[in-house]
Structures are given as C-alpha cells and as structure tokens.
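Let me begin by presenting the structure, written as structure tokens, before commenting on it.
The values are calculated or read from the model by the stated rules, or taken from the named source; none is laboratory data. Predicted model, so just to flag it, every value in this text is computed and none were measured. No Cβ is skipped: glycine too gets one built from the backbone with ideal geometry, and neighbour counts run over all protein chains shown. These area figures cover heavy atoms from the full protein model, side chains too; ligands, DNA and RNA do not enter into them. Shrake-Rupley method; radii C 1.70, N 1.55, O 1.52, S 1.80 Å.
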Amino acid sequence: MTGKILIVEDNPVNLKLVSFVLELEGCSILKATDAEQAQAILANTLPDLILMDIALPGMDGLTLTRLLKASPRTCRIPIVALTAFAMKGDDDRAMAAACDGYLSKPIDTRTFPSDVARFLPQTDNSQTKETP
Ligand code: MN
C-alpha cells in the first residue's frame with residue numbers, strides 16, 4: 001500500500017494510532033492538528049488522500065473540506081472524514097460537506113488499512129489507468 005496521506009486530527013492519541021497503522025502499511029504520512037496547519041502543508045504538498053477529523057479547534061474539518069473542494073488546486077484530493085462513532089449524524093454531515101467517504105472512530109486497526117486503501121487512487125504499476 002503506497003501513497004501520501006495527510007491526517008488532520010487534533011487528538012494526539014488518535015493521530016499517533018492512525019499514522020502508526022498506515023506507516024506500517026508503507027504509506028508516507030503528513031500530520032496536521034488543525035485546519036491552519038493542514039492548509040500550510042497543502043500549500044507545499046498535494047497528498048493522495050486526506051483523512052479529516054471533524055471536530056478541530058478553530059475551523060472544523062467539514063468547513064476545511066468545503067474550502068478544499070472549492071479550490072481547483074485541491075478539489076481532486078479524496079477526503080475521508082474520521083467521524084466519532086458516538087456523534088450521530090456526523091456521517092451525513094460529512095457527505096453533505098462533499099467528503100468522499102467517512103470512517104468511524106475508534107478505528108479498528110485490523111481493517112483500517114484496507115478501509116483507507118479503498119479511497120486511495122490506484123497506483124498499482126501493473127495496470128495503467130488508460131487501459132479500458
Ligand atoms: Mn477532534
């Protein structure tokens with residue numbers, strides 16, 4: 001599993017766990033703990049996927065998602081919301097904000113990598129995207 005993934009998450013335990021699990025799978029990880037940091041990273045780097053916490057200090061993850069989806073520079077990056085299982089309606093709000101999908105927290109470390117891989121653009125070198 002390859003790909004550059006930006007994780008936007010203010011909870012240090014979640015951030016560490018999510019990044020650890022994905023680094024083990026071979027992904028390269030960028031980390032931001034708020035929207036400002038995420039925007040600073042995105043000014044320099046375009047990741048293959050963004051994992052977006054919804055509840056962030058300052059600008060929330062759904063507002064940031066709307067901004068990124070409205071920008072020609074970042075609109076094609078898949079954004080997957082990390083929704084708190086206890087927060088009913090977060091999944092609907094994530095889809096309304098044009099997230100490409102959502103995964104609920106706490107994550108299941110056994111299935112999380114394959115859950116995330118579904119949203120990564122195909123980078124398998126054995127197939128070319130142009131082949132019908
Ligand atoms: Mn949070």
Integer Hz, Karplus 6.51/-1.76/1.60 couplings in order for region 65-78, x for Gly and Pro: 4, 4, 4, 5, 6, 8, 9, x, 5, 10, 5, 8, 6, x
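Sort Lys105, Lys31, Lys16 by accessible area with a 1.4 Å probe, largest first.
On the way: Lys105 30, Lys31 100, Lys16 150 Å².
Ranked from most to least accessible, the order is Lys16, Lys31, Lys105.
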Average accessible area per residue (Å²) across the chain - probe 1.4 Å, nucleic acids and ligands excluded: 56
Spin-label pair Met1/Thr45, simplified geometry with 7 Å Cα→Cβ offset, distance in nm: 1.8
Ser28-Arg66 FRET efficiency (beta carbon distance; Förster radius 25 Å; 0.05 resolution): 0.45
In the chain, lysine pairs with alpha-carbon atoms under 22 angstrom apart (chain gap of 8 or more, or interchain): 10
Residues whose placed amide H lies under 5 Å from that of Met87, excluding near-sequence neighbours: none
Accessible-area composition of region 16-112, carbon plus sulfur, in percent [1.4 Å probe]: 57
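Over its Cα atoms, what ratio of radius of gyration to 2.2 N^0.38 Å does the chain give?
Numbers: Rg = 14.1 Å, N = 132, 2.2 N^0.38 = 14.1 Å.
Output field value: 1.00.
May I ask you to derive the FRET efficiency for Asn11 and Gln122 from their Cβ-Cβ distance with R0 = 41 Å, giving the value to the nearest 0.05?
Values: r = 30 Å, r/R0 = 0.74.
Working from the Cβ atoms, E equals 0.85.
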Listed residues Thr65, Leu15, Pro113: farthest to the positive end of the dipole of region 1-123 (Cβ charges): Thr65
Inter-site label distance for Ser104 and Ala84 at 7 Å from Cα along Cβ, in nm: 1.4
